[in-house]
Amino acid sequence: MITRQINPQTLWLTFGTPFETESLMFDREQTTLLKKTPSLPVKLSLENDRLQLTDSLSDDTRVLGLGENLRGMNKRGGIYESFCTDDPIHTPGKKSLYGAHNFLLVEGAVPYGIFIDYPGKVIYDIGYTRHDQLIITITGSDVDIYLFQEGNLKELALAFRRLMGESYIPPKWAFGFQQSRWSYRTSKEVEAVAAAFLENEIPCDAIYLDIDYMERYKDFTVDKEAFPDFPGLVASLKEKGFRLIPIIDAGVKIETDYPVYEEGKDRGYFCLNRKDEPFVAAVWPGKVHFPDFLNPEARRWFGLHYQFLTDQGIEGFWNDMNEPSIFYTEERLQQAIDLAKDSEGQNLDIDAFFHLTDTFKALFNHPDDYKQMYHQVKGEMVNHAKIHNLYGFNMTRSAAEGLAELEPNKRFLLFSRASTVGQGRYAGIWTGDNHSWWEHILLNLQMMPAVNQCGILYTGADTGGFSDNANAQLMIRWSQFSLFTPLFRNHAALHTRHQEPYAFDGASTAILRDVIRLRYALIPYLYSEYMKAAKKSGLFFMPLSFEYSEEQAALTDDQLLVGESLMATPVYRENARGRHVYLPETMLLWKATGPAGGQLEVVPQGHHYLKADLAETLIFLRKNRILVLGEPAMSVEKMDLSTMRVLAFVDDTASYVLYDDDGLTHHHREGAYTEIHLTITHKAGDFQVKVAASSHVKVKVLKLVMINAAGKQQEQVVQVVPDAAN
């Protein structure tokens, strides 16, 4: 074991010869080699080429993290596997989902954080086998481990964040509402969706294309019969305020004269099998090859193919099936078919029957299939199972680098299903194929802070649920949470009920319209908080315990801090007309019924049951914090930012910095952005307001509503005068 110190908070332990994952970005030459390893919070052991880490857990020790995974914020009591998996049934007993996010925060007597930089399977037994024990099993012995000590949980999480490099910056329009479905199959269907949003006066910035827009599910093709004038459609939609966002899958269809296939085969850019031939598996198009995204040349080749769509006006993509998902391999399918033939005419008992059915079920993402797949890395053949968790990350990296080469100064919307630590530099994620279950609103909330801790800031779930059928009540309540997430997208599966906001009864559509308009009012704040977190390696979402030290805050995992000012407390139970809320301090409650409507109420610290009618979104403004609101429009780029509303809850002094930029380019890196510094003081029953603004700010007027802890309210209008020197 080699031990290095990166900074006073961070130790770097190296075992064997780890695979270079490129998850973290720091200057390795600036680390300090330690002759003696200091005392560690975990015990290390090596057996059968597996490295194991163990720690004792007291009864009240909480364990947070693991990014996109199941169960609550506190992972105590579960067993988890870090192995990117296409599993569409997100129930508490499942061990892994689409992401592999190997970061834990352990809040014992002395808190610590740990990151396992290993691209194969890692198993986390967090008080499952034994309630008092944490056991981390790494299925190999070549690994880098990073330990974060000296600080509270928030400080440890931020120490990890600072090692990840620059965060992905989406275009500002990507904070608008987005509509998707598997599938809008033709130009006419897409145009009808756009028309329905406009007719119902519901804001929307993007409409999505799932796999059926392609020609027989082939990447970088468009079905010309269904979309006879694809560039014209893209241009027409953009003129109306909509971007069109197509999907790209990992598998490349095996088909003669298909250019992407022919190029990849001729140049040796596909993953191989043991015979040094392109590995064959099946997904949507049938048999496919998988690009070898760990090969830099193959990665660049695939990434530049996005030009086929960007040349037609496309400005955003979602990458899918990139765990990679495998429906079957020919060899394993044939074995199942042979078993079925042998079973024909037999009197199958229970064991034989379930052996037959389980054989077919096991075709999907069989772990042994990944062991038949190889990558070429620096002239060596590397088995895919050993680096499995890097595949989706490197597909998305391929897209990000390709788009950056094609249009260096343009921001593209880009997010992925599979991911690992490091992806936050290139793109966001969505949380995959969830269900129209009330439990998944809560799961959505509980995932967000852990995903942020792993450096992925642009994230959200399929609002309303992907699988099954959403009713209007579920869609409304879920939207009342999703309006806080950077990615706010409604997406549903094939053969499910249509769940577009206008697809429900008139009263429900009216509520959804108000919720979405409320989202647009929040965009100045949400975008400002996102950009500050991205540029300063901060966090957009946090559990209450990151800001409040009392035990009850640590036990609360159905509420969430959003940026520096807000707390989200969604209603996530069917037919509920309210919920229990814990306030760690006195806060201002806004029962929002739209971008400007609703009641304001000062709610004292403690436990409360708060009524929330279906049309009411519960938004809490923290003490001595400020919320800046814009005027909604049908799309982000149509919003008039000259006048903004300010809601402030001020006990003594509150301050806020509102960040903005052009939302489309990377000029912000050279300082092309604006800030408004707003300070409000409350003394002797009066409010004093100070505003300092950099030059070129779009905001001209601030309309303030200021409330103190006693509930006294004062309104004021302030002119924003830019400082020509800044």
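The values are calculated or read from the model by the stated rules, or taken from the named source; none is laboratory data. Just so it is clear, the structure is predicted and the values come from calculations on it, not from any experiment. When we count neighbours, we look across all protein chains shown, and the Cβ atoms used for this are built from the backbone with ideal geometry, even at glycine.
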Selected residue (only one of Lys378, Lys371, Lys410 is farther than 30 Å from His580 by Cβ and out of contact with any helix residue (DSSP H, G or I) (no Cβ under 9 Å at 6 or more places or on another chain)) = Lys378
Checked Ala648, Ala654, Ala672 against criteria (in a loop (DSSP other than H, G, I, E, B) and not acidic (Asp, Glu)); the one match is Ala672
Please work out which residue is surrounded by the most Cβ atoms within 10 Å (Cβ to Cβ), limiting yourself to segment 492-503 and to residues that are of a type in the set (A, V, I, L, M) and touching a residue at least 24 places away in the same chain (Cβ under 8 Å).
-> Ala492
Restricting attention to segment 255-263, does a residue exist that is out of contact with any Gly (no Cβ under 7 Å at 6 or more places or on another chain), at pLDDT 95 or above and aliphatic (A, V, I, L, M)?
-> yes
Please indicate, with yes or no, whether at least one residue in segment 174-192 is among the small types (Gly, Ala, Ser), more than 25 Å from Ile456 (Cα to Cα) and in a helix (DSSP H, G or I).
-> yes
Mind checking whether some residue in segment 500-508 is farther than 24 Å from Arg577 by Cα and in contact with a strand residue (DSSP E or B) (Cβ under 9 Å, 6 or more places away or on another chain)?
-> no
Of the residues Glu255, Glu323, which is acidic (Asp, Glu), crowded, with 23+ Cβ neighbours inside 10 Å and outside any helix (DSSP H, G or I)?
-> Glu323
Residues satisfying the stated conditions in segment 27-46, i.e. part of a loop (DSSP other than H, G, I, E, B) and either at pLDDT below 95 or exposed (fewer than 12 other Cβ atoms within 10 Å of the Cβ) (or both) = Asp27, Lys35, Lys36, Thr37, Pro38, Ser39
Answer yes or no: is there a residue in segment 160-168 that is among the aliphatic types (A, V, I, L, M) and within 30 Å of Met1 (Cα to Cα).
-> yes
Hey, does segment 513-529 have a residue that's of a type in the set (A, V, I, L, M, F, W, C), under 29 Å from Gly113 (Cβ atoms), in contact (Cβ under 8 Å) with a residue 12 or more places away in the chain and in a strand (DSSP E or B)?
-> no
Selection from segment 560-619 of residues aliphatic (A, V, I, L, M), farther than 19 Å from Ala510 by Cα and assigned to a loop (DSSP other than H, G, I, E, B) yields Ala576
Identify, by number, the condition in (1) over 23 Å from the mean Cα position of the chain (by Cα); (2) part of a loop (DSSP other than H, G, I, E, B); (3) farther than 19 Å from Asn471 by Cβ that Thr496 doesn't meet.
-> (3)
Which listed residue, of Leu339, Leu363, is more than 19 Å from Asp86 (Cβ to Cβ) and aliphatic (A, V, I, L, M) | Leu339
Is it the case that some residue within segment 554-577 is surrounded by fewer than 19 Cβ atoms within 10 Å (Cβ to Cβ), among the small types (Gly, Ala, Ser) and touching an Asp or Glu at 6+ places or on another chain (Cβ under 9 Å)?
-> no
Considering each residue of segment 504-518, count those that are in contact with a helix residue (DSSP H, G or I) (Cβ under 8 Å, 6 or more places away or on another chain) and surrounded by 23 or more Cβ atoms within 10 Å (Cβ to Cβ), and give that number.
-> 4
Lone qualifier among Gly151, Gly165 - being small (Gly, Ala, Ser), surrounded by fewer than 20 Cβ atoms within 10 Å (Cβ to Cβ), under 20 Å from the mean Cα position of the chain (by Cα) and assigned to a loop (DSSP other than H, G, I, E, B) | Gly165
Reported set for segment 47-100 where residues are touching a Phe, Trp or Tyr at 6+ places or on another chain (Cβ under 8 Å) and not in a loop (DSSP other than H, G, I, E, B) is Leu51, Gly65, Gly78, Ile79, Tyr80, Glu81, Ser82, Ala100
If we keep only residues of segment 326-347 that are surrounded by 14 or more Cβ atoms within 10 Å (Cβ to Cβ) and over 20 Å from Gly286 (Cα atoms), then the residue nearest to the chain's Cα centre (by Cα) is Leu339
Quick one: which residue in Phe115, Phe103 is crowded, with 19+ Cβ neighbours inside 10 Å, in contact with a strand residue (DSSP E or B) (Cβ under 9 Å, 6 or more places away or on another chain) and under 20 Å from Lys386 (Cβ atoms)?
-> Phe115
Any residue in segment 244-264 that's free of Cβ contacts under 8 Å to residues at least 40 places away in the same chain and farther than 30 Å from Ala192 by Cα: show its pairings with residues that are assigned to a strand (DSSP E or B) and of a type in the set (D, E, K, R) at Cβ separation under 6 Å, as long as the two are six or more apart or on different chains.
-> Ile254/Lys287
Go through the residues of segment 141-150 one by one and say whether even a single one is in contact with a Phe, Trp or Tyr (Cβ under 9 Å, 6 or more places away or on another chain) and farther than 22 Å from Thr14 by Cβ.
-> no
Here are Val650, Val646, Val657: which of them is under 17 Å from Ser565 (Cβ atoms) and surrounded by fewer than 17 Cβ atoms within 10 Å (Cβ to Cβ)?
-> Val657
